[in-house]
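The values are calculated or read from the model by the stated rules, or taken from the named source; none is laboratory data. Source: prediction; values computed, not measured. Note that we place each Cβ from the backbone using ideal geometry, even for glycine, and neighbour counts take in every protein chain shown. SASA here: full protein model, heavy atoms, side chains in, ligands and nucleic acids out. Shrake-Rupley method; radii C 1.70, N 1.55, O 1.52, S 1.80 Å.
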Amino acid sequence: MKNITNRRQHIINTAVVLGYIIAMMYLFVSSSMMPIGFDLTDSSVLLGLKIAQVGTVIITFVVFSIIFILSLTKERWKFIDLHRIPDTKVLILAGVTIICALPVINWMAEVNGSMSLPAGLETVETWMRKMEDNAEQLTEAFLVMNGITDLLINLVVIALSAAVCEEIFF
């Protein structure tokens, strides 16, 4: 009986890993096609893209985390440690670390922007620059706000969904 349970557990774990890999491949391919052909000035298109963004974050971080937790542990919610409030010292240290890391992050972005690949990888470099330009256009379109409603939607899409979902994942 124990061998059957172990084998079942192994199959579930393998399915979770394969599902995650397939989802990441899908997200990579679909992100390489965005936002080509979208009218980023149309509010209904932007709302659809924001909904897709939240869906992507939930699928990427929450769904697979929950499947992993359900398949591996008996004390499921204790595994992700959501049952207790973090120590204040840890929260303060995390905030200070983030603030101190900003100059390094900006420097790395500058280095990334000035990166030049060898001639043999020119098509890869062109593709990477195109993806950066697309991401920049989409980010700028997301940040156009005509009122408090747009601000609240952006806070949910950009800040809240990512923060909560990534906390569950990590």
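Accessible surface computed residue by residue for segment 119-170, with neighbouring protein chains in place and a 1.4 Å probe, gives 71 Å² per residue. When Rg and the Kirkwood Rh are both derived from Cα coordinates, the Rg/Rh ratio for segment 100-150 amounts to 1.15.
Of the peptides 42-49, 142-149, the order by per-residue mean of other Cβ atoms within 10 Å, starting with the highest, comes out as 42-49, 142-149. Gain on full extension, evaluated as 0.36 nm per residue between A101 and I11 minus their Cα-Cα distance, stands at 28.3 nm. For the peptides 118-129, 156-167, residues were scored by their other Cβ atoms within 10 Å and the scores averaged per peptide; the highest-first order is 156-167, 118-129. For segment 52-67, backbone phi angles converted through the Karplus equation (6.51, -1.76, 1.60; θ = phi - 60°) give residue-by-residue couplings of 4, 4, 5, x, 4, 5, 5, 5, 5, 9, 8, 4, 5, 5, 5, 4 Hz, Gly and Pro being listed as x.
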